[in-house]
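The values are calculated or read from the model by the stated rules, or taken from the named source; none is laboratory data. These numbers were taken from a predicted model, which means no experiment stands behind them. Cβ sites come from the backbone with ideal geometry, for glycine too, and all protein chains shown count toward neighbours. Accessible surface areas use protein heavy atoms only, side chains included; no ligands, DNA or RNA. Shrake-Rupley method; radii C 1.70, N 1.55, O 1.52, S 1.80 Å.
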Amino acid sequence: MNTATKLSGFALGLAVVFGATYGVGRVADPVAPPAEAPHDATGGHGNGGEDGHGSDNGAAAHLPGGLLVSDRGYTLRPVDAPAGQFAFQVTGPDGRAVTAYDVAHDKRMHLIVARRDLSGFRHVHPEMAPDGTWRVDSPLAGPGVWRAFADFTPTGGEALTLGVDVTVPGALTGRPLPAPATSTTVDGYTVTLNGAPEPGRTAELTLTVSRAGAPVTDLEPYLGAYGHLVALRQGDLAYLHVHPHGEPGDGRTRPGPEVSFSAEMPSAGAYRLYLDFKHGGVVRTAEFTVVAGSPTAPGVPAATSSPTAGTPAATSSPTAGADHGVPGHGHD
Ligand SMILES: [Cu+2]
């Protein structure tokens, strides 16, 4: 299947889901008052709110996160860094590097990277210098075109996820998207996925963690939750950050083996899910390919265990994709 064919299915059908709710024009005005909407403390973290208001009809108001390098006056700018380091700034509406950020999910800045082919996912937390430059040991593990997502909330502003492409030179081996699967393994842990994403609708996704056949019931909090789930859309790497139901210490959320999420895929097609979970003091990432809508949509790889066209995407395939993210596996 050629690239044009693969991409065509994803250029269509963008829906308003996780899009930012502020129009570009509004925030571009430096004298505009701060957003009167309270920061979305429960579901923010880069996806903007869904309570649309105040939009000036900018296209950005209807986009998922991560597709724009500049939004609402804020721009993600990689800066020169020594070998082995990745550094960037976020400049604000005044053109200067932003130095004041709110903490969201335990951190002021979440940096997520993945290659354009959806391999090599990593989620790291840079340190900020006083001048607003964020630095981190480079999570770009090898050659390729990477998408770097900065997920943050500037103090006084709205949660944002900006994305920028970064090329790491070198010989590149193309990696096809692993087939849809409902089970995957990472470092001896098996994670199974229940739930079927549908385009434009909220779906319950439940991930269950086990090890050596035994359910893991002592997951450790990571970034204020027992699991942290990022979804990237194949074709444009639209970034969907979804959060689990409940949180550690709320008296009703158990530390595994199940972690459940509400997720809404903005359009039909394939997505790569990355579940970060912590156990034994180590954060690991379990990856899945899922399909919202028809499993035979253009660009959707056939399930390896069920090559028959039309088979539900949820067919179990325990090994599919298990090593897809190996070059970038790891966490700070
Ligand atoms: Cu983070």
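Normalised by the residues of the stretch 103-248, what does the relative contact order come to in percent, with Cα pairs under 8 Å and at least six apart?
Value for the stretch 103-248: 17 percent.
What is the dipole size for the stretch 86-201, taken about its Cα centre, with +1 at each Lys and Arg Cβ and -1 at each Asp and Glu Cβ, in debye to the nearest 20?
Dipole size: approximately 300 debye.
Can you sort E247, E127, E158 by solvent-accessible area, 1.4 Å probe, largest first?
E127, E247, E158
Over the stretch 150-222, what is the relative contact order in whole percent, taking alpha-carbon pairs under 8 Å and six or more residues apart?
Here the relative contact order equals 16 percent.
Using θ = phi - 60° and the Karplus relation 6.51 cos²θ - 1.76 cosθ + 1.60, list the HN-Hα couplings for the stretch 90-106 in order, rounded to whole Hz, with x at every Gly or Pro.
10, 9, x, x, 8, x, 9, 5, 6, 10, 10, 10, 8, 7, 9, 6, 6
How much of the calculated P(r) for the stretch 110-154 lies past 14 Å, in percent of all Cα pairs? Kindly include the intermediate steps, with their values, before the conclusion.
On the way: 476 of 990 pairs.
The proportion of pairs with Cα distances above 14 Å equals 48 percent.
In whole Å, what are the extents of the stretch 166-228 along the principal axes defined by its C-alpha atoms, from largest to smallest?
Projected onto its principal axes, the Cα set of the stretch 166-228 covers 42, 33, 26 Å.
Would you mind calculating the relative contact order of the stretch 74-164 from Cα pairs under 8 angstrom and at least 6 residues apart, reporting the percent as a whole number?
30 percent
How far, in nm, would the chain grow between D80 and T99 when pulled straight, counting 0.36 nm per residue and subtracting the alpha carbon separation? It would help to have the intermediate numbers written out before the result.
Working: separation 19, 0.36 × 19 = 6.84 nm, distance 1.83 nm.
In short, 5.0 nm is gained.
Express in whole angstrom the spacing between the alpha-carbon centres of the stretch 149-222 and the stretch 228-259.
Between the Cα centre of the stretch 149-222 and that of the stretch 228-259, the gap is 8 Å.
Can you work out D for the stretch 233-273 in µm² s⁻¹ from Stokes-Einstein, where Rh is the Kirkwood radius over C-alpha pairs, the temperature is 37 °C and the viscosity is 0.692 mPa s?
Estimated via Stokes-Einstein, D reaches 270 µm²/s.
On the first, second and third principal axes, largest extent first, how far apart are the outermost C-alpha atoms of the stretch 204-294 in Å?
36, 29, 20
Hey, rough spin-label estimate for D250 and T167, points 7 angstrom out along Cα→Cβ, what's it come to in nanometres?
Going from the D250 label point to the T167 one covers 4.5 nm.
Could you check the spin-label model distance between V283 and A214? Points 7 Å from the Cα along Cα→Cβ, value in nm.
2.6 nm
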